[in-house]
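As structure tokens, the structure follows; a few thoughts come after it.
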Amino acid sequence: MAITNQIRFNNLRGDIFGGITAAIVSLPLALAFGVASGAGPIAGLYGAVCVGFFAALFGGTPTLISEPTGPMTVV
């Protein structure tokens, strides 16, 4: 079976619920890492958004899950 990079709408509902679940789980984590770094909770949110954006841009896979711990590693 060949893997294609086509958008399939038959699993759109699962993708939306998976994205919402990942956002709910990573929101408190991103806020906590921002506060722990001393940069503030907004910095944690920006870090989580940037990680998600660049992970999807440069390395998207059907099972990609990125988290806000990447920016905390730098700090």
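Just so it is clear, none of the values below were taken in a lab; they were calculated from the coordinates. Worth saying up front: this structure is predicted, and the values here are computed from it rather than measured. Neighbour counts run over all protein chains shown; Cβ positions are idealised from the backbone, glycine included.
Numerical summary
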{"read-out": "³J(HN,Hα) computed for each position of segment 50-58 - Karplus, 6.51 cos²θ - 1.76 cosθ + 1.60, integer Hz, glycine/proline x", "value": "5, 4, x, 5, 6, 5, 6, 6, 9"}
{"read-out": "Potential extension, residue 29-residue 58 segment - 0.36 nm per residue separation minus Cα distance", "value": "8.1 nm"}
{"read-out": "Which of 37, 26 has the fewest Cβ neighbours within 10 Å, and the rest in rising order", "value": "37, 26"}
{"read-out": "Computed FRET value (nearest 0.05) for residue 8 with residue 49, which takes r as the C-beta separation and R₀ as 25 Å", "value": "0.45"}
